[in-house]
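What follows is a single structure, written as structure tokens, with notes after it.
What follows is calculated from the coordinates using simple rules that are stated; it is not laboratory data. This structure is a prediction, so every number in the text was calculated from the model and none was measured. Cβ placement follows ideal geometry from the backbone for every residue including glycine, while neighbour counts extend to all protein chains displayed.
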Amino acid sequence: MRSNDALRAACRAAYERSQRRRALLEVAPVVPMTLLALLGTGTALPIAIGALLAVAAGLLSWRGGDAAAGVSPGLAGGALLVSVPLIAEQCAVVCVGPWCWSTCVAVCAAAGLGAGVILAQSWPAGASAEQRITSLSLASLAAAMGCIEVSLVGFALALVALTLSGSALAAGRR
């Protein structure tokens, strides 16, 4: 009976090691995403948000199940949103009559739309709500690294475009 307990303990330890290893591999893209956002913004905000993103992605991946299945799509969609600060350096202010806006706000919305498409295409037809929410949440954190530096309006538009495009495309595939 003692050998069965030892075997179970060894199997459990091996399983936990593999889960931690897999979680570290899943989180690896967060480092270049954070560096890219840092390069584009020049502030420390991407470091704080990148750390939060890494912890969230790592814990969700380590946990396994449907939540873990949403980690990679969320980071893939988020990678597009992180690139916004680099593009934002080239943005201009456009005025039509009395209304003026930064083209960077439109870039954030377009990146959110593109990230939503990436998410929807990566979800299987029967993806669970937990998988979709995980993906959308992680992509939203990545959007915070990129679009929040542009403006809160740009960040909000990125989140709306991300959620609507991802959800609409996923619903259309059912």
>> Rounded, prolate or oblate, given the Cα gyration tensor of region 24-172, with a/c below 1.5 counting as rounded?
In response: oblate
>> Could you order the peptides 124-136, 108-120 from most to least packed, using the average number of other C-beta atoms within 10 Å per residue?
In response: 108-120, 124-136
> If we sort 62-72, 9-19 on the protection proxy, mean other Cβ atoms within 10 Å, highest first, what's the order?
Replying inline: 62-72, 9-19
> If packing is taken as the mean number of other Cβ atoms within 10 Å per residue, what is the order of 140-149, 153-162, highest first?
Replying inline: 140-149, 153-162
>> Per 0.36 nm of contour for each residue apart, how much would the distance between Asp66 and Tyr15 grow if the chain were fully extended, relative to their Cα-Cα spacing?
In response: 16.6 nm
> What net charge do the residues around Gln19 carry, taking every other residue with its C-beta under 11 Å from that of Gln19, with Lys and Arg at +1 and Asp and Glu at -1?
Replying inline: +4
> How long is the gain from Ser128 to Leu7 if the chain were fully straight, where each residue apart is worth 0.36 nm and the alpha carbon distance is subtracted?
Replying inline: 40.1 nm
>> How charged is the neighbourhood of Asp66? Take every other residue with its Cβ under 14 Å from the Cβ of Asp66, and add Lys/Arg as +1 and Asp/Glu as -1.
In response: +1
> Between the helical axis of 2-27 and the dominant principal axis of the chain, each derived from Cα atoms, what acute angle in degrees is found, rounded to the nearest 10?
Replying inline: 10 degrees
> Between Ile87, Ile148, Ala28, whose Cα lies farthest towards the positive end of the dipole of the chain when Lys and Arg beta carbons carry +1 and Asp and Glu beta carbons carry -1, centred on the Cα centre?
Replying inline: Ala28
> To the nearest 10 degrees, how steep is helix 103-122 against the longest Cα principal axis of the chain, on a 0 to 90 scale?
Replying inline: 30 degrees
